Structure formats: C-alpha cells, structure tokens
C-alpha cells in the first residue's frame, strides 16, 4: 500500500509538470493575436501616405508670391483648390477681423506643404477640404457634413466654426446646404444601360476604372451595381441617382459615388447604410480631405469596410463557424490544476516526516489487527528483542480477547506491544514504521 502511494505522488508531480508546459506554450502562442471581424477576408483598409495616386500634379506659386497675396487679401485661393463655401456665411463670420485664410489643393508634396507653411500671417489653412487653424482641426462628424464635404467640396460649416474659435465667438449651428433632385428619364437611361449589361456606369470626369474584386466579399449574394460620378458642383442640387436605381433594380446592392462620397442602396440599407458610412468616413475622412485619392482606391477601401461589417453579423448574417478549441476553454483552469497537483505531491512527500495525523484504531480488536500487520512487516527487517517482546505481547492480548478477560488488561497488553514495536522502528531508523505514522498506510 505504501509503495502504491509513493507512485501516486509522482503521478501528481508529472501532472503538474505537464500542465505547466501546456500553459506556457499556450501563452506563447497567444502572443500573436489575430484581431479581425469574425475572420473577415478583407485585405485591410491600408492606404499608404505618399503613394503616387495621392499626390496631384498641381503647381503652386512660390512662397514669396503667396506671401504677397496673403498680405493683400483676406482669402487667398491657390490653383487646383477644391474647397467651396457659402460666401455670405463666411463673410458674416469674419466680420471686420483681420483673419487670413489660405486655400490650397489636395495631395501636396512634402516640399509644397513646407512652402505654404512658411507663409506668415495665415490664421486658417485649407488643404483639399481639411480645415486647420494652428493646432485646431475642424472635422465633420455627421452624415450630412461628410456628404457635403466629399460630394461637393463644401467646407462652410468647418470654416465658420474655426473662424468662431479664432475670434473667441460662439460656435455656429451647422447648416446642410446640399439639396437633392430627382433625375430625368434621359439621365437614368444611360446608367441603366450600363448596369443592365453587367458593367459599372462611369460618368465623364469620374476616376473609377472598374468594380474592385473585393465586391464579391462585401456582397456575396448578388452582383454589386456601381455608378460613379465626379464631384458635384457646389451650390447646385445633386441628382439622387440612388433612389431611382433602387426602384429600377429592386433587391440589388447598389453603390453610387459622387467624388469621394459613397451612397449605398439595396438590401438592409436602412440598417446598414449609415453604419457603413459613419464607420468609414470617421476613420478615413482626414486622409480623404487632404489627399486626392482616385475613386478606385476610395471604393476598394469602402468595400473592405463593408466586408468587415458583414462578417461582424450585420445583414442578419451569422458569424462564420469557429471550431471548438478545448485548450482555450480549459486554459483558465490550468493554473488551479497545477496548484492542486503540487499541493498533493508536497502533502504526500511530507507525510512520512510529519505523520499523517490520523488517529490509530481505538477498539481493541482493531488495534490488535493493526499492530499484527505492522509486526509482520517489521519482522522481515529486524530480530531485535523489542520486536520479540512486542510479538509476545500481541499473542497474549489475542488470547486475552479469546478468553474474554477484562478490557483494561487487554488494553494494557496492546499498549505494551505498541511501545515495543515503536522501539524497534526507532532502532531501524524507519519513521514510517512507527505505529503513529504507519496507520495511514494500513488497509485497516
């Protein structure tokens, strides 16, 4: 029995070591966390700054020429600028202040940025549709604001807000100046012809080349219909192509582009369109404002975002199946299993030294049987007189029980036998064979 218990403690030690190894390996593997929307297959939203597609070929005047114009005029607009604003609102916001505004085209090179930064006396700088004033940056945060900025280049709300900050005035209310109009049958006919033929409609001035390949991930259930138009004229009503196309192609996913502004029409549009637009323009609006991305790049990044949103569960689409990983489920319990195995090993290792703490049998027959078992085990190791005396005392106690002698007499004989066996174990140097320690290893 004792040998079996010795093996058991080593089993617990092996379990502790195995658990420790598994836990450490799992921790190492988890360092490379793959964060994605339900394992979305999108290729990411990376748009590298400095790419040739972002830098325009606009030439701007020298710093000295710009400086002369800034010293002379309150608002200086450089060639190629795309920003527009309501002149009445901006003029009222400026009042009789001496604020100077410099407007530059998007996609400036690093040298051109330094060139306009060197101009002195400029309070507000507009690059593309990005409006800044010193350390302050004005940005849109609503669908109406993003639509006006990226579809028509309207920066009125951004500009008057920053003017108010420069003059320590109260922030003005945002006003949506963009009107929409229904399109005519003749306008619709050319678009329907292209879409019905399975090709995107690309209007004159649009920079889209073709429908990006990742459209299949974003809209796997039906072919995506795309109509691309250049940036719309500021101050004019913008045609509502999306509503008309949705009526003509019900159930089809449709994307309409006005410059860098993208509108979605089709299945789940009420639940999805604003979420996709807000998510996309909130993250990439700053870059789209400063750089001159072609519509091909803009749509590609947008479709990546749609794919991520789709795989996150929108469109009533269940998350892709994730195989059950028993290791990940059991990982939180491994430290407890390790600690328990170590404690069991230590307890079983210390038991022979400290004793089990378990009381010896109390009834005379049980004590007699227990000591007889111990005597048999010791007899193979010693022939000491104490052992002989103990055995004789055990025989006498057994006879006394058979003869039904008084219990105190039997108890005294058993006690004397126990003391003799204890003396024998001490002479052998075997603490584990002393009666008080041996009790835990007996089968009694």
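The values are calculated or read from the model by the stated rules, or taken from the named source; none is laboratory data. Quick caveat: nothing in here was measured; it's all calculated off a predicted structure. Cβ atoms come from the backbone with ideal geometry, glycine included; neighbour counts cover every protein chain shown.
Tabulated results
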| item | result |
| --- | --- |
| Residue tally, condition assigned to a loop (DSSP other than H, G, I, E, B) and over 24 Å from residue 146 (Cα atoms), over region 220-248 | 4 |
| Residue in region 138-160 that is farther than 21 Å from residue 284 by Cα, assigned by TED's automatic domain parsing to the domain that holds residue 70 and surrounded by 17 or more Cβ atoms within 10 Å (Cβ to Cβ) present | yes |
| Qualifying positions in region 279-299 - surrounded by 17 or more Cβ atoms within 10 Å (Cβ to Cβ), in contact with a helix residue (DSSP H, G or I) (Cβ under 9 Å, 6 or more places away or on another chain) and in a helix (DSSP H, G or I) | 280, 281, 284, 285, 288, 289, 298, 299 |
| The one condition in (1) crowded, with 21+ Cβ neighbours inside 10 Å; (2) on the phi < 0 side of the Ramachandran plot that residue 128 fails to fulfil | (2) |
| Options 126, 116, 101, 135; residue that is in the same structural domain as residue 83 (by TED's automatic domain parsing), closer than 22 Å to residue 66 by Cα and free of Cβ contacts under 8 Å to residues at least 40 places away in the same chain | 135 |
| Flag for residue 183 being more than 35 Å from the chain's Cα centre (by Cα) and at pLDDT 95 or above | no |
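Yes or no, residue by residue, for (1) more than 28 Å from residue 59 (Cα to Cα); (2) surrounded by fewer than 19 Cβ atoms within 10 Å (Cβ to Cβ); (3) touching a residue at least 24 places away in the same chain (Cβ under 8 Å); (4) assigned by TED's automatic domain parsing to the domain that holds residue 75:
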residue	(1), (2), (3), (4)
111	no, yes, no, yes
172	yes, yes, yes, no
175	yes, yes, yes, no
190	yes, yes, no, no
